[in-house]
Amino acid sequence: MTASGRAVPKKKIRMTGDRIAVSIFGYIMIGLFALICLAPFYLILIASFTPENDMIRNGYPVLPGAFSTEAYALCLKNPMAILRAYGLTAGVTLVGTLLAVFLATMTGYVLSRRDFPWRNGFAFFFFFTTLFNGGLVPWFMLCVRYLGFKNQIYALVLPLMFSVWNMIIAKSFMAGIPAAIAESAKIEGANDFTIYVRLMLPLSKPLLATLALFSALAYWNDWYNCMLFITDDHLFNLQYYLQSMLGSAEAMRLVAEKSGMDLPAVPLEGMKMAMTVIATGPIVLLYPFLQRYFVKGLTIGAVKG
Amino acid sequence: MKKLTALFLTLCMLFTMLTVVTASAAGVEDLPEDWKTNVIKATPEMYPDTDMSKPYTVKIYQVGDKPVDWDKIQNAINEQLAPFNTSIDTVFMSWADVSTMYSLNLAGGADIDLIFTAPWEYMFTEAAKGSFFEMDADFIAKYMPLANKYQPKESWDETRINGKNIAVPCGRMAPEGRLVAIRTDLAEKYGIGELKNWDDFESYLLTIAEKETPESGILAFGGQENNTAFWELWYTNENWFDAYFTNNLRFSFAYDGKLPAAEDIKLAWETDLFRAFCKEMKKLADAGVWSRSALNETVNQWQSFGAGKSASIEWNATVFTYMKEVEKNEGVTTAAYDLFKEKGTLVTAEAYSNGDIAIAAGCANPERAAMVLDLLKFDTALNHTVVLGIEGDHYTIDENRVYTRTDNTPNYLPDGNSLSWATRNGDVEEAGVPEREKVVRDEWKRRMIANPLTAFIFDPSPVQANADAVDSIIGDYYGMLGLGLVDDPDATLDEMLAKCYAAGLQDIYDEFYRQYNEWVAAR
């Protein structure tokens, strides 16, 4: 657009021979790189449908050979249990993501306000926890003995609810929003919370999408908190449920060895692959829709010149 | 009349008191001596010192995954514990998590009363941290009268530290022999007969490597990690026992019928036997008996044999499980051989302490927990419920205590969870064991002997830093040496030992010998 407001016509770049060659080379290299990135997923998918003994004898196949669904049959042996784990994980992810985004943005907004007198002190305390912590045993004691985390669903939500990293991203982004917007709203009579909800959040849509993606990934992939605090199998989340299935399969093999029972047809290697497909499938399918926000999010917290 | 009534009532009261006294006197001492053939029925009166006035739930932590029918079993146990105003509630720490959760649950103040433990499951490390309730003889006599009467006396030594027991071991000693299993279809193809010793087995391995592997790709042996399997064979062949074995730190001695002198106990990797073993393994590796990438192999030797990828397997009676697996393939036949039968080498007995139950130090009611443990171990009905399941559902049993599996057995395998490992007494036997397996086990029982040093517990904490360093060094070399994947076994072994001594191996020896001599003197 020129200073007078007229649109500037796009300059068409003439494709000379060397530009064409560079483009072709670029596309080939990036295409190869993309294939290399896709290769592990391909191998996992193929291996999940390969019989166990074939994999032990011949290793992981590159080309599909013998076909078997026994790994999936074992993983999905108890469909209600896996559906319950899916539902619980989806619910925890949704609630946790909303709370995580809300907390990170609210904290980030407060710390981005230059008129907040103790912001440096608070920022230091937040940052300090990323460098040092009390250790696993004191944390476990606090959660189990004093906060009553054992076999409670909030044990899956609370530990991941606040991330200092997300808060820093939010703080940096919101510091970039002109202060005049908040000042003018204050003159109009808005309080701080109204400014945050009705002005800051709508202006921070890329930030919200980015933080939502980071938080959702963290909640979806979490198995550690389930391992620490949950022993009731009705409260197992998806990742831990699948991991415990693998543990059970290993145990079945161990017990069969000890007891001399006929070895159960437990396709351990195939099971690991099938579990990977089941656990990551939804995320892989969701990712293309959130990709642009992720790319933006990589730099969204960067300091601008 | 009034006087007669008073006299009558007094006599009634006296009679009642005498009856109660008589019933109380029908205590543990009146139970039969042979608990393996008699039914032992415990009653609350056998625990006069245990306060059962309030209901209490004993929390038991097990390792491993929950059997499918565990809830049914637990309900059946709780029904039987009802007269004792007690119940149990169980938490399972799965195999995948136990390395993190075992210590964390004990240190983090989880609500634990009883917990499975074993030397291979943090027993001594947790005992050193004070995680277990220490039971003296008086406590055991008062609160575990059945165990006090029936638990094999020698078993208590295996869990006693400084005069107190940190855990109660299982009541069964079983032979832990070693077998090799081979593909007899391949042996016949190359004119190889019965295997009677290591030389015959070596000949089989070399023949398969030379003739079968190039043709079909089947390896002679699915060696991986560090080839401990073959070291166990060599070591067993010479009647070697372990004095201490944790990770890679293994102190062993050749058993000659008496307690060894301290200086005869050596780091296993420093012995002439191990040196000869390394050279033999190099010979087999160079002949292609196992893959050159065996060090990175993730498929273990049992899976390899079961899938038909390799032609031999070595371990204890579990080889029979994998033999059945590979025999599902057409044309495949197998046989298992005890390479030491002719030589008559000794068969180590699995230690009583291979499965134990400890009372957690944080237990709110150790007396009640001890009573529950006592009942689960020696009340016949309760013990069979834990070890075998529900009669008629998971098993049937005859008057000789020979049990048979049912269609529902897979949902609760006999001896299939850690609580059963710690409470089994060896009083039941399974029907229908294949003849080839029975012959082997009976032969082992004939040559079975308990390791005389099972009760010696070396505490490495005074030299812990040295022990960790030496353990790490050995870990770096053991795999290569065990699989023969070195150019010069002598030079590599010398290099490893030099590093071990530089890391303080002599200090470990000195501390070990000091503790051992003290233990011998105290006997």
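The values are calculated or read from the model by the stated rules, or taken from the named source; none is laboratory data. Here the structure is a predicted model, which is why all the values come from computation and not from measurement. No Cβ is skipped: glycine too gets one built from the backbone with ideal geometry, and neighbour counts run over all protein chains shown.
Quick notes
- Contact annotation: residue pairs with Cβ atoms under 8 Å, 6 or more positions apart or on different chains, pairing a residue in segment B:23-37 that is within 14 Å of B:MET144 (Cα to Cα) with a partner that is modelled with pLDDT of 80 or more and of a type in the set (Asp, Glu), are B:GLY27/B:GLU45.
- Options B:ILE390, B:ILE397, B:ILE357: the member that is in the same structural domain as B:ALA82 (by TED's automatic domain parsing) and closer than 25 Å to B:GLU126 by Cα: B:ILE357
- Selected residue [within 14 Å of chain B (Cβ to nearest Cβ) and buried (at least 18 other Cβ atoms within 10 Å of the Cβ)] from A:SER215, A:SER244: A:SER244
- Among the residues of segment B:85-107, those that are not aliphatic (A, V, I, L, M) and not in a helix (DSSP H, G or I) comprise B:ASN85, B:THR86, B:SER87, B:ASP89, B:THR90, B:PHE92, B:SER94, B:TRP95, B:ASP97.
- Meets criteria (assigned to a loop (DSSP other than H, G, I, E, B), surrounded by fewer than 21 Cβ atoms within 10 Å (Cβ to Cβ) and away from chain A (no Cβ under 14 Å)) for B:GLY130: yes
- B:PRO366 falls short on exactly one of the conditions (1) modelled with pLDDT of 95 or more; (2) more than 22 Å from B:TRP156 (Cα to Cα), and that condition is (2).
- Within this structure, A:PHE122 passes the test of being more than 24 Å from the chain's Cα centre (by Cα), closer than 26 Å to A:ILE181 by Cβ, modelled with pLDDT of 90 or more and not small (Gly, Ala, Ser).
- Residue in segment B:294-303 that is of a type in the set (Gly, Ala, Ser) and either in contact (Cβ under 8 Å) with a residue 60 or more places away in the chain or at the interface with chain A (Cβ under 10 Å from one of its Cβ atoms) (or both) present: yes
- Subset tally (residues that are more than 25 Å from B:VAL299 (Cβ to Cβ), assigned to a helix (DSSP H, G or I) and without any contact (Cβ under 8 Å) to a residue 60 or more places away in the chain) for segment A:35-93: 10
- Among residues of segment B:59-85, those that are within 14 Å of chain A (Cβ to nearest Cβ) and in contact with a His (Cβ under 9 Å, 6 or more places away or on another chain), counted: 1
- Top-ranked residue of segment B:102-116 - restricted to ones that are more than 7 Å from chain A (Cβ to nearest Cβ) and buried (at least 20 other Cβ atoms within 10 Å of the Cβ), ranked as nearest to the chain's Cα centre (by Cα): B:PHE116
- Among the residues making up segment B:153-178, those that are small (Gly, Ala, Ser) and within 12 Å of the chain's Cα centre (by Cα) are B:GLY171, B:ALA174.
- Screening B:ILE88, B:ILE140 for residues that are under 30 Å from A:ALA81 (Cβ atoms), away from chain A (no Cβ under 14 Å) and in contact (Cβ under 8 Å) with a residue 24 or more places away in the chain leaves exactly one candidate, B:ILE88.
- Strands (runs of 3 or more DSSP E) within segment B:349-411 that include 1 or more residues surrounded by 19 or more Cβ atoms within 10 Å (Cβ to Cβ) and in contact (Cβ under 8 Å) with a residue 24 or more places away in the chain: B:356-359, B:402-405
- Every pair of residues 6+ apart whose Cβ atoms lie under 8 Å, when the first sits in segment A:125-152 and is more than 11 Å from chain B (Cβ to nearest Cβ) while the second is part of a helix (DSSP H, G or I) and of a type in the set (Ser, Thr, Tyr): A:PHE126/A:THR107
- Test: residue in segment B:469-479 that is out of contact with any Asp or Glu (no Cβ under 9 Å at 6 or more places or on another chain), within 14 Å of chain A (Cβ to nearest Cβ) and surrounded by 17 or more Cβ atoms within 10 Å (Cβ to Cβ): no
- You will find that of B:ALA23, B:ALA6, B:ALA82, B:ALA42, the residue that is out of contact with any strand residue (DSSP E or B) (no Cβ under 6 Å at 6 or more places or on another chain), at pLDDT 90 or above, surrounded by fewer than 19 Cβ atoms within 10 Å (Cβ to Cβ) and not in a strand (DSSP E or B) is B:ALA82 and no other.
- Yes/no for A:ALA175 being more than 24 Å from the chain's Cα centre (by Cα) and among the hydrophobic types (A, V, I, L, M, F, W, C): yes
- Within segment B:288-320, being assigned to a strand (DSSP E or B) and either surrounded by fewer than 22 Cβ atoms within 10 Å (Cβ to Cβ) or not aliphatic (A, V, I, L, M) (or both) holds for B:SER310, B:SER312, B:GLU314, B:TRP315.
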